[in-house]
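Here the structure comes first, spelled out in structure tokens, and everything after it is commentary.
Since every read-out is calculated from the coordinates, none of them should be taken as a lab result. Predicted model only: the values in this text are computed from it and were never measured.
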Amino acid sequence: MGLTQGLYVPIAASLIIDYFPLSKRTSAFAVISIGQSIGIALVSVSTNLITISGWRRTFWEVGGVFAGLGILILISVREPIRGYFTYKISNTNNQTVREFPLWTLFKQFW
């Protein structure tokens with residue numbers, strides 16, 4: 001579990017930042033956190049499936065469901081524009097200037 005948490009949490013955070021504006025990010029992170037809890041709760045369901053039908057059949061059933069879900073996500077989800085909601089892009093004198101709102105974050109702490 002530690003390995004998968006370490007792999008998917010930074011990727012999920014990056015995608016949430018790119019898909020959602022600042023006002024909606026807390027809700028998106030909450031859904032991800034709830035999903036983690038639901039996934040942990042479903043471990044007992046898979047344990048029951050293993051005792052009922054054996055580990056090989058459970059492996060193929062659960063793997064098939066999530067492989068199908070992965071293919072569906074691969075087909076339907078588009079790659080977001082990186083930094084679309086993070087940067088303010090302004091065009092002055094035909095030059096693109098990116099203003100990162102990090103200074104705003106520092107102002108909130110002082």
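Quick query: amide H of Phe20 versus all other amide H atoms, modeled in the peptide plane; which residues come in under 5 Å with a sequence gap of 5 or more or a different chain?
Under 5 Å from the amide H of Phe20 lies no amide H from a residue far enough along the sequence or on another chain.
Output ³J(HN,Hα) for segment 54-71: one whole-Hz value per residue in order, computed from phi by the Karplus curve 6.51 cos²θ - 1.76 cosθ + 1.60 with θ = phi - 60°, and x for Gly and Pro.
Each residue of segment 54-71 in turn: x, 6, 5, 5, 4, 4, 5, 5, 5, x, x, 4, 6, 5, x, 5, x, 5 Hz.
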